[in-house]
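First up is the structure itself, then whatever we jot down about it.
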Amino acid sequence: MSVFEGLKLTKIKPPSEGERIRFEKGSMVVPDVPVIPFIEGDGVGPDITAAMRTVIDTSVRKAYAGKRRLAWWEIFAGEKSHDLFGEWIPEDTFEAIRYFRIAIKGPLTTPVGGGIRSLNVTFRQTLDLYACVRPVRYFQGVPAPLKTPEKVDMMVFRENTEDVYAGIEWAAGTPEVEKVRAFLAGMGAEIRPGSGIGVKPISETGSKRLMRVAIRYALDHGSRSVTIVHKGNIMKFTEGAFRTWCYEVAAQEFGDVTVTEEQVEKKHDGKIPAGKLLINDRIADAMFQQILLRPEEYDVLATPNLNGDYISDALAAAVGGLGLAPGGNMNDEIAFFEATHGTAPKYAGLDKINPGSLILSAVLMLEHMGWNEAADLVVKAMEKTIGSGVVTYDLARQMGSSIEVSCSGFARAICDNM
Ligand code: NAP
């Protein structure tokens, strides 16, 4: 059995094979057989996780001829964890993700009532996964509301820990809200009686670290621009400050490789100097128009939490829906990938649902590990599969002529097309 020094588990056994991903001088070092902790998820989770593993294992085997392999290791959260351990997310699960640094999960049911927070939010906050990443691109053949969905190819970096999602709010009519109202009245801000009150914190630290990863990603991937999406014209000291801090990071830390839209206009005759990454900003409502009208002009978006939530789903819808939208949550050391849809309980165990979102999240994971050859194999095979009309029920019902396959059937078709 492998030895994992310092891994502290109380309820589950350590992995029986594989190695830990490590960092050397700030860079990630991925062994040939990394341990990848996975959470199956509730509802349709087991179906899509099995499909995802089939596809990803096949791609890795084909890309590296057996030299590389993923050592999958199950960890627990959600209903399965509650049944086994009486806890929705055991400490072992947080420990495993921190220790192994990359993990992937299916959807989790949010327990209703009893004051239990969303498990997804708990993961993000407990592990301080400050950036939510959502790539959005079009797959040929998928019915989409946009006339030219193939022009959409964006990566959304959404701040994940602050903003109105910080969970600081008081219900109308409670003694707490009355205290807050009284305090605000003392500050000269009258709030109408009978109001609920929420707080929207946005910090320099939170904004700058988000912009930093967005710029690094853009530079690493040869993107043309990073667009700051904010509502700073109205919320000056939160969203407006987000904009200011994002521009500051670009100027102070990446000044030699970035140029702002204003500089392009004033100093460079309207032309982006060769080799420079354009930094610009758009007010959120205008950006919602831009993604429909001129999507080809945008590459990487950096957004506060709420804007990012809305815009990443709107973008996913523009190219044909959430069934194919991947996502991940990360910080400087940990990356945790996930299906972006929910548990779709009515399809649980039916081997029916579209596993595309989780498969593409795993592609994002492979790219994050630098295993781009395997990632490319999956994307090309998925393009070929959907392009030839072989799809799950959700796409089949929208497409004129298609061959409907099951969740596992879709995975097999992708493997056959690799
Ligand atoms: P949902 O599970 O995403 O499902 C809503 C509908 O979306 C499904 O009935 C299905 O539509 C369609 N759909 C979702 N995923 C699909 C896929 N992979 N392939 C094809 N169609 C798909 O949303 P919900 O019903 O609002 O939420 C159910 C539970 O999931 C809740 O407990 C919620 O808290 C949880 N949830 C978890 C996450 C997460 O873990 N990240 C995210 C969202 C929600 P049709 O019926 O029209 O086919």
**Request:** Would you be able to tell me the number of residues in region 331-369 that are of a type outside the set (D, E, K, R), open to solvent by 40 Å² or more (accessible area, probe 1.4 Å) and farther than 17 Å from residue 109 by Cβ?
**Result:** 1
**Item:** Set 205, 238: member being part of a helix (DSSP H, G or I), among the β-branched types (Val, Ile, Thr) and within 22 Å of residue 286 (Cβ to Cβ)
**Value:** 238
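Quick one: which helices (runs of 4 or more DSSP H) lie wholly within region 318-396 and hold at least 2 residues that are near the ligand (Cβ under 8 Å from one of its atoms)? Reasoning before the result, please.
Values: elements: 356-369, 372-387, 393-396.
In region 318-396, 356-369, 393-396 are the helices (runs of 4 or more DSSP H) which contain 2 or more residues that are near the ligand (Cβ under 8 Å from one of its atoms).
Within region 121-141, is even one residue more than 19 Å from the chain's Cα centre (by Cα), open to solvent by less than 40 Å² (accessible area, probe 1.4 Å) and not charged (D, E, K, R)?
Let us first name the residues in region 121-141 that are more than 19 Å from the chain's Cα centre (by Cα), namely 140-141.
From the residues that got through so far, the ones that are open to solvent by less than 40 Å² (accessible area, probe 1.4 Å) too are 141.
Those still in the list that are not charged (D, E, K, R) too: 141.
Yes, that holds for at least one residue.
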**Item:** Long-range neighbours under 6 Å by Cβ, at least six apart or interchain, first residue without any contact (Cβ under 8 Å) to a residue 60 or more places away in the chain within region 151-175, second open to solvent by less than 10 Å² (accessible area, probe 1.4 Å)
**Value:** 170/177
**Prompt:** Quick one: how many residues across region 34-72 are among the aliphatic types (A, V, I, L, M), surrounded by 24 or more Cβ atoms within 10 Å (Cβ to Cβ) and under 17 Å from residue 349 (Cβ atoms)?
**Reply:** 4
**Request:** For region 249-268, enumerate the residues that are closer than 13 Å to residue 302 by Cβ and assigned to a helix (DSSP H, G or I).
**Result:** 249, 250, 254
**Asked** Is at least one residue of region 119-130 in a strand (DSSP E or B), closer than 29 Å to residue 331 by Cβ and at pLDDT 95 or above?
**Response** no
**Request:** Just give me the residues in region 213-235 being open to solvent by less than 60 Å² (accessible area, probe 1.4 Å) and in a helix (DSSP H, G or I), in sequence order.
**Result:** 213, 214, 215, 217, 218
**Asked** Do the conditions hold for residue 197, that is, is it in contact (Cβ under 8 Å) with a residue 24 or more places away in the chain and open to solvent by 60 Å² or more (accessible area, probe 1.4 Å)?
**Response** no
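The values are calculated or read from the model by the stated rules, or taken from the named source; none is laboratory data. If you're wondering where the values come from, they're calculated on a predicted model, not measured in any experiment. Neighbour counts are summed over all protein chains in view; Cβ atoms, including those assigned to glycine, are modelled from backbone coordinates with ideal geometry. Note: accessible area is taken over every heavy atom of the protein model, side chains too, but ligands, DNA and RNA are not part of it. Shrake-Rupley method; radii C 1.70, N 1.55, O 1.52, S 1.80 Å.
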